[in-house]
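These notes concern the structure reproduced below.
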Amino acid sequence: MPRGVTDQFLHILDLERRHAIRALVAGGVLALLGLFLAELADEPLYGWASRFFTVALVAGAVLGVLLARRRTAAWSESLRARWSAWMRFSVSSTSVAEVDRKARGKAPLPAAAWGLVAGAALVANVALFAALWWEVAAAAAFGLALSAANGAGLGLWLGSRIFTFRWTSSVDRAVRELIRDGEVGLWGEA
């Protein structure tokens, strides 16, 4: 296996797959936590909030797969059109999305935006737990809405990571075949 730019790109693909596996494990834990909060907000043993959570989780996963499919199709097109730029920018990048944005000449996305979304979700869930603890009258309605939002957000994230895992695996195999066949060299030349 050559060491160089191509190796760094393969490393980025491997990192993406590892992140997807971690997302599945964390998603399973978060799904159990989401179901627990939905059960707290509703009648025992799988009431409406739990159903809303489950349906939203599945719908979010489907939407996540569709959005990731669209995004990875754009990555594939960009990779084919800008192979040299992808190889050059893979040296200074940590994710496929970052390589793509650099190869297209776009500014990086602010990482703080996802932190704000996660923080808002945490605050909303803590507020639901507090409302349930103090038996606030609107806690059940808030629980239904938040259960659906939790399920949709979690499903969207998991669906996206699952499809990205699939894409990175297929690109990894293709690049390794190109290396094996001698079509891509040490520095990523096609």
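Readers should treat all values here as calculations from the given coordinates under stated rules, not as data from a laboratory. All figures in this text were calculated on a predicted structure; none of them were measured in a lab. Please note: Cβ atoms are built from the backbone with ideal geometry, for glycine as well, and neighbour counts cover all protein chains shown.
Below is a table of values for the structure above.
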quantity	calculated
Fully extended contour minus Cα-Cα distance, from residue 95 to residue 80, at 0.36 nm per residue	3.7 nm
Loop trypsin sites (Lys or Arg not before Pro), segment 1-107 (other Cβ atoms within 10 Å of the site Cβ: 13 or fewer; DSSP)	3, 106
Cβ charges +1 (Lys, Arg) and -1 (Asp, Glu), total dipole of the chain, debye	680 debye
Hull shadow area, averaged, the chain [alpha-carbon convex hull, nm²]	11.6 nm²
Under the span-like rule (Cα at least 15 Å along the axis, Kyte-Doolittle mean at least 1.0), DSSP H helices of the chain	112-133
Likely footprinting exposure, 177, 16, 135, fewest C-beta neighbours within 10 Å first	135, 177, 16
Expected 222 nm ellipticity per residue - DSSP helices of 4 or more, -39500 (n - 2.57), all of the chain, to 500	-28000 deg cm²/dmol
Packing-based exposure ordering (other Cβ within 10 Å, fewest first) of 42, 181	181, 42
Qualifying chymotrypsin sites (Phe, Trp or Tyr not before Pro) in segment 84-172, DSSP loop, other Cβ atoms within 10 Å at most 10	134
Simple spin-label estimate for residue 111 and residue 124 in nanometres, 7 Å along Cα-Cβ	2.4 nm
